[in-house]
């Protein structure tokens, strides 16, 4: 199929916070007088579209098409419409929303100043093959008709205003009289590469009804029980002109529904008041139903104004949960309700923040923050089928990379994020995504697609080293408890240089997979230089203390192999001292908490890691559960403190640790291929059982361990094509007396042995 030639638009008028411009209806009528054999339709919308053929909506997903910078990539969707076409008149109908093309609401991040900002536009092409052998094409052009729709306002971060009194029945059906409609205008085509989207569409996955409805201020407060993302479907029988206002929020405390954590009102932006507000004006005369088409919200609560007491029923609002259509690939369960709840929260937050690509939150921003995605890559792929969506987003990341090799902190971007909001801990997404896709799915093609951009970034990273050979640019150990987000204990030079080391090491592995010897050598040389500089300037060897003297610094130097093997035990003992200084509490931000618990379990302290995660007092993950959280939070804060986002995913590596560090499923542990596996469980004191599964390319892997008095029964199920080992944790052996055996499905009794077995797993 050919891409369409012409882009069209309703007019030149921009919508803005103080200037409503309705979303347009666009209509293209054409005739068919012979039998259709096959018909394909290509369409894009900038920002979003809904597509109808002869009155039937065929849009494959919500918020179509893929969200991108149209200067880089323009996404099309393909439809088989053979069965939708008929003899006689046919109609293609398109409804357009602003999407990212005109993202003017919320706190902006420069999108209102993007070079590509414009009014909504579309391009489509229908190619028909007839039984007779003849062919016909129908394209968007100036003959298309346009009219204002009832959607008076739409903005991705703010919401929608819909006036049902302005609906136009039959507008996209044959026989409709469009003689009073205007003609569309020709639009300047976007600059980006044209692509068919390969990422999963956004779908509605569940419906939730309110668990409580109570009077609140001038209306009613609906509590849906969980903090997720999506829209509310409104069902009402109201009077004509009755206006219903819906405020979507996630924070309710002390009898107050709080919005300041999602609308940035403290920054004085006038757009703040509009964030996550929807308005609906009733048509009247009969029951009516409405769901937003071009916006979504992150929320648990909806404050509804404009309804009567008799209308305030559970049937009024239904929470339609939305996210990219990702399949489950893994899970974890155990005998502890707190850990199970944390796995549930991680799953919910990961999905609520996956709209084509990982976002930092589903409300105030909806931005593709690279650091958030990097920290979540492993646990997401252990749990969900995100690899296709990651590959598509990587195309956008590499397109955003500048000539020097630098990356912005958000993708897509209108130009914001190169001078603040990035740095190695964020930029590493360019390496981490292909690395974990390759490691867990065995996909070399994703490595091949990104190898040039990765090599360019290595060169850039090398240019940013200071006179000591270290790196300190961008953001660091974000959101450490008790600290301002950008002022953690671990110095930026520590976390940046450590992440650069990891980038170089993982890049070398990826280049090796492609047989790129020179590139591999460059990456290894860079790793050795960075490691030497780190050891010279950032470690006090007499005390085995890393600069910053904190959990993140110490764990990073151990995890990223900056300490030699002979040094690691002493360095680990120092880490335990830092934990003891905090009375066994975690004291790290997003970088530290991705690695800390893995270090603890690798050195035989899985019990300590588990206690730090699940304890109910502040700061801990368990404290979130104890305080009623239904999603992962952006910050660890005391009750009553000003909350950040209550729906973030970058602290979700606990799910990876549960699967790998507790149940013991460790895919591809030594870089030998995704058909290798290590079963390395940790029999956590106080747990009676733990179980997990992971869907590898070769098949489903299941592990369960159960306590039976003084012994543990370990059950392993794995495809015969997967090779590897079963390895006991410190202080345990198999009934045979061995601490390790070749991987094989079966049931194995495990017994505790003398505590003198202090072998450290390197």
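The values are calculated or read from the model by the stated rules, or taken from the named source; none is laboratory data. The shown structure was predicted, so the numbers you read here are calculated from the model rather than taken from an experiment. Don't worry about glycine lacking a Cβ; one is built from the backbone with ideal geometry, like all the others, and counts go over all protein chains shown.
Worth pointing out:
- For residue 177: the one exception among (1) assigned by TED's automatic domain parsing to the domain that holds residue 104; (2) touching a residue at least 24 places away in the same chain (Cβ under 8 Å): (2)
- Residues in the stretch 651-661 that are assigned to a helix (DSSP H, G or I) and under 15 Å from residue 596 (Cβ atoms): 653, 654, 655, 656, 657, 658, 660, 661.
- Here 337, 341 are screened, and the one residue that is within 20 Å of the chain's Cα centre (by Cα) and surrounded by fewer than 19 Cβ atoms within 10 Å (Cβ to Cβ) is 341.
- Within the stretch 105-124, one or more residues are buried (at least 22 other Cβ atoms within 10 Å of the Cβ), in contact with a helix residue (DSSP H, G or I) (Cβ under 8 Å, 6 or more places away or on another chain) and either closer than 30 Å to residue 361 by Cβ or not assigned by TED's automatic domain parsing to the domain that holds residue 263 (or both).
- Qualifying residues in the stretch 586-614 (those that are under 19 Å from residue 637 (Cα atoms) and free of Cβ contacts under 8 Å to residues at least 60 places away in the same chain) - the one surrounded by the fewest Cβ atoms within 10 Å (Cβ to Cβ): 611
- Test: residue in the stretch 609-616 that is modelled with pLDDT of 95 or more, within 28 Å of the chain's Cα centre (by Cα), farther than 29 Å from residue 429 by Cβ and outside any helix (DSSP H, G or I): yes
- Test: residue in the stretch 346-357 that is closer than 17 Å to residue 434 by Cβ and surrounded by 24 or more Cβ atoms within 10 Å (Cβ to Cβ): yes
- Members of the stretch 321-373 found to be more than 27 Å from residue 688 (Cα to Cα), in contact with a strand residue (DSSP E or B) (Cβ under 9 Å, 6 or more places away or on another chain) and part of a helix (DSSP H, G or I), listed by number: 349, 350, 351, 352, 370, 372, 373
To keep it simple, each residue is scored yes or no on (1) crowded, with 16+ Cβ neighbours inside 10 Å; (2) in a helix (DSSP H, G or I); (3) within 31 Å of the chain's Cα centre (by Cα).
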residue	(1), (2), (3)
522	yes, yes, no
525	no, yes, no
532	no, yes, no
555	yes, yes, yes
558	yes, yes, yes
563	yes, no, no
567	yes, yes, no
577	no, yes, no
580	no, yes, no
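- The stretch 479-502: number of residues that are over 19 Å from residue 668 (Cβ atoms) and part of a helix (DSSP H, G or I): 10
- Exactly one residue among 707, 700, 747 is surrounded by fewer than 13 Cβ atoms within 10 Å (Cβ to Cβ), in a strand (DSSP E or B) and at pLDDT 95 or above, and that residue is 747.
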